[in-house]
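The values are calculated or read from the model by the stated rules, or taken from the named source; none is laboratory data. Computed from a prediction, not measured in an experiment: that's the story for all the values here. So basically every Cβ, Gly included, is an ideal-geometry build from the backbone, and we count neighbours across all protein chains shown.
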Amino acid sequence: MTTEILTFRDAVNDARRDYSSNGSSLANLFSVYNDINANYLCSGLDLRMKKALENSYKDRSFDLMCVQHAYVVFWVYREKDFVKAFEDQHAMAQEFMRHFQSQGGSFDLPCLYQICRDLRALARSADTECAKKQRKPFAMDECARFLNKAFTACIQHKSSGKESKRWGVYYMIGLVFKTYFEINTLSLCKNILRATGAMKDLMPLERYPRAHQVTFKYYTGVLAFLDDKFEQSNVDLTYALQKCPAKHTRNQELILKHLIPLRLLNGDLPSPTLLDRFPRLHELYQPFVQALKTGNVKHFDEALVRGERRLVESGTYGVVERVREICLRGLFNKVWLINGKQKIVDIAKFRRALSVSGVVIDSEEVECLLAGMVFKGYMKGYIAHQQQKVVLSDVLSGKAHPFPSVKSVRSTAPQLPL
């Protein structure tokens, strides 16, 4: 070993003596982006001795990891070769995993987290480097497989006490899901959820650190959102928002990006106070909120066109598009109110209201829209086709309101703390 690696190894050994009570010291030593350690380790390295050093310590896990880590930072800081850096980080991660599976405990989790975070970061940089050189990216896929292996090592640990590796389950799920989302393999998330659900003796989610809870519920909420399981998505994302510390505004914005469309679909409008805290969300959603308040379908459609790119990128376009029905309901409710809450209203009056709102369509299309409103429960009544009239529920006679609240039409959902 070089003098620098020997000094680093001594620091690692010192940290290992203490890390049963505090594993963060060891984790910090193995951080690739610890500039002080990195610059020191690089100073005495020579590529010609790499293979000999690795062979010398192949039977001593942490000594070998010290050598491997030194070359990771060598590739990152001196050579700027992220493919080589990823390969050595991956080799070091596998070496650590052998130790973790055979004799590790909860005190090893901070080091596992650090190694996995750095592996993800280097994998992303390696794939970017491959793309620039017109080579097939490979690193994120390999990283995903290793993270899955780390998750399995945590969840399959038999112990459930304070030294159990199972305390790392939800942190590793967060890293795995983040990686699956990045490489667009969302279907694999279901395997993780099945494995977690099948482990009946796993500690309740509420006993894990709050950050682990928030990340897990955020991803399960988004997965449910993408599967059109809106009620479950609403529950999970609301949980994540309520648990997310107020100072973590970036994380709150990520949660609200999907939660606001769900709440709009249930007729809940975000407060001005909430939107004012998030300028990007205010810019996107305030026009929709205003259109819903006034029943202005034209303004809603214009907001949909302006926000299309951002909504498509976040996967929320389809849900926001469905909110248009609520805007229509608001407009048709106004027609009923303006006409003195009459039980029978001419279809032509609804058509005229749409025209004033900038939506010019013929009578048959208007009738189709009204029939859709009745079918979905946004209006109580029926269409008299031959007479070209809408017969609404007579609220004055004690019957149901012709325009029930959106909340009563949509499935019941937990309230967003806005």
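Figures for the structure shown
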| read-out | value |
| --- | --- |
| Residue selected from the range 191-204 under the condition part of a helix (DSSP H, G or I) and touching a residue at least 24 places away in the same chain (Cβ under 8 Å), by the criterion farthest from Ala153 (Cα to Cα) | Leu193 |
| Filter pass, Thr196 being of a type in the set (Ser, Thr, Tyr), touching a Leu at 6+ places or on another chain (Cβ under 8 Å) and surrounded by 15 or more Cβ atoms within 10 Å (Cβ to Cβ) | yes |
| Yes/no for Ser164 being touching a His at 6+ places or on another chain (Cβ under 8 Å), surrounded by fewer than 23 Cβ atoms within 10 Å (Cβ to Cβ) and at pLDDT below 95 | yes |
| Selected residue (criterion: farthest from the chain's Cα centre (by Cα)) from residues of the range 323-355 that are at negative phi and small (Gly, Ala, Ser) | Ala348 |
| Residue count for the range 318-334, restricted to those that are closer than 11 Å to Ala353 by Cα and of a type in the set (Lys, Arg) | 1 |
| Residue ranges of helices (runs of 4 or more DSSP H) in the range 307-372 with at least 2 members over 19 Å from His401 (Cα atoms) | 308-314, 317-322, 347-356 |
